[in-house]
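Novice: Shown below is the structure under consideration.
The values are calculated or read from the model by the stated rules, or taken from the named source; none is laboratory data. Remember, predicted model here, so these are calculated numbers, not experimental data. Positions of Cβ are generated from backbone atoms using ideal geometry, with glycine treated the same way; all protein chains shown enter the neighbour counts.
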Amino acid sequence: MPPALSVTGLRKAYGPVQALRGVDLELEAGELFGLLGPNGAGKSTLVKIACGLVRQSAGDVRVRGHPAGSPEAHAQFGYLAELFRFPEWCTADELLGLHQQLIGSPGGEAERRELLALVELGHVPDRRIGAMSRGMQQRLGLAQALLGGPRLLLLDEPTSALDPAGRHTVRSLLEVLRERGVSVLLNSHLLSEVELVCDRVAIIDGGAVVAAGTPAQLSRPGGVEVETAAGARTFADARREDAPRIVRELVAAGEDVYSVRVLTSTLEDAYLEAVGRSPAGPREEIAALGEAGR
């Protein structure tokens, strides 16, 4: 079976501006893949090329083996844009019915009811979109993207307008889709969400992939912190397996040990390092503010 999405040597130029510079990605069936990067990095351009909305300058993009933009590729994926707008006079049920007609889905009312329930809107099929909150509209957009049973979902900032409860709903939905073998390319700025749900992550900066792997692979050990009667002590070069030895040595030296914590970098740390930005500590931030005020 071909990959859900295959991106090879992808390049896109807008005049002199190189939006994508030879990007390679591959998503397998049932994989949740996070796409991270600062504004203008090329993430949305990549998603639009995969959808067939933008034509690449060079390289190859295939959706389940079919060239991006072809009718065969269109039949394989669902898409939710970051900036979408539905007719406010439509009800949720009417909107899904309209999109069923547009894509030729034979699912009828049963499909609409199932998808509304899946995004926790089953109780408001007749509510007009203009009377919905932004978060409800975003969940409705997810239901729209799932019409026709696509095997690949391309989601551009799908949780940007959601509160914590709404983000939890989307995470649960993504877990269900993974179990069903649906692949998801998730373009998001919410690193904590990506770290929680994604199997693999690619970080794009300046139109190129600057880091890729599982969230665990991108994170790394950050030392061992031991709280003693004299205060917290950090052993920066230590690893998890060094913790018992460190405790034994401290106790042998007469220290009272209250807790031990193995430190690891987060996906946010890996992201900031990959795009050439280091998080400033509190003292650095205060100093920078002081310089700016002079």
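Novice: Please indicate, with yes or no, whether at least one residue in the stretch 89-96 is hydroxyl-bearing (Ser, Thr, Tyr), assigned by TED's automatic domain parsing to the domain that holds Val184 and over 17 Å from Leu185 (Cβ atoms).
Specialist: There is at least one residue in the stretch 89-96 that is hydroxyl-bearing (Ser, Thr, Tyr), assigned by TED's automatic domain parsing to the domain that holds Val184 and over 17 Å from Leu185 (Cβ atoms).
Novice: For residues that are touching a Pro at 6+ places or on another chain (Cβ under 7 Å) and under 22 Å from Ala29 (Cα atoms), scanning just the stretch 195-247, find the one that is surrounded by the fewest Cβ atoms within 10 Å (Cβ to Cβ).
Specialist: Restricting to residues being touching a Pro at 6+ places or on another chain (Cβ under 7 Å) and under 22 Å from Ala29 (Cα atoms), the top hit is Glu195.
Novice: Tally the residues that are exposed (fewer than 15 other Cβ atoms within 10 Å of the Cβ) and farther than 19 Å from Leu196 by Cα, restricting the search to the stretch 262-276.
Specialist: Here the count works out to 1.
Novice: Related question: Using the structure shown, decide if Gly65 is in contact (Cβ under 8 Å) with a residue 40 or more places away in the chain, at positive phi and in the same structural domain as Leu27 (by TED's automatic domain parsing).
Specialist: Against the criterion (in contact (Cβ under 8 Å) with a residue 40 or more places away in the chain, at positive phi and in the same structural domain as Leu27 (by TED's automatic domain parsing)), Gly65 qualifies.
Novice: So Leu263 clears everything in (1) out of contact with any Asp or Glu (no Cβ under 7 Å at 6 or more places or on another chain); (2) at negative phi except one condition, right? Which one?
Specialist: (1)
Novice: Has the stretch 106-120 got at least one residue that is surrounded by fewer than 12 Cβ atoms within 10 Å (Cβ to Cβ) and part of a helix (DSSP H, G or I)?
Specialist: Yes, because at least one residue in the stretch 106-120 is surrounded by fewer than 12 Cβ atoms within 10 Å (Cβ to Cβ) and part of a helix (DSSP H, G or I).
Novice: Go through the stretch 132-156 and report how many residues are in a helix (DSSP H, G or I), touching a helix residue (DSSP H, G or I) at 6+ places or on another chain (Cβ under 8 Å) and either of a type in the set (A, V, I, L, M, F, W, C) or crowded, with 19+ Cβ neighbours inside 10 Å (or both).
Specialist: Adding up the residues that qualify gives 7.
Novice: Would it be correct to say that Pro71 is in the same structural domain as Arg21 (by TED's automatic domain parsing) and free of Cβ contacts under 8 Å to residues at least 12 places away in the same chain?
Specialist: When the stated conditions are applied, Pro71 passes them.
Novice: Could I ask something else about it? Of the residues Leu95, Leu162, Leu155, which single one is in contact (Cβ under 8 Å) with a residue 40 or more places away in the chain and under 30 Å from Ala212 (Cα atoms)?
Specialist: The unique qualifying residue is Leu155.
Novice: Could you check the stretch 179-194 and list, in sequence order, the residues that are surrounded by fewer than 20 Cβ atoms within 10 Å (Cβ to Cβ) and more than 14 Å from the chain's Cα centre (by Cα)?
Specialist: Glu179, Arg180, Gly181
Novice: Now, a different point. When the stretch 21-44 is examined, which residues are found to be closer than 15 Å to His189 by Cα and touching a residue at least 12 places away in the same chain (Cβ under 8 Å)?
Specialist: If the condition is that a residue be closer than 15 Å to His189 by Cα and touching a residue at least 12 places away in the same chain (Cβ under 8 Å), then Phe33, Gly34, Leu35, Leu36, Gly37, Pro38, Ala41, Gly42, Lys43, Ser44 are the ones that fit.
Novice: Residue under question is Thr159, and the condition is that it be among the hydroxyl-bearing types (Ser, Thr, Tyr), at pLDDT below 95, within 17 Å of the chain's Cα centre (by Cα) and assigned to a helix (DSSP H, G or I); does it hold?
Specialist: no
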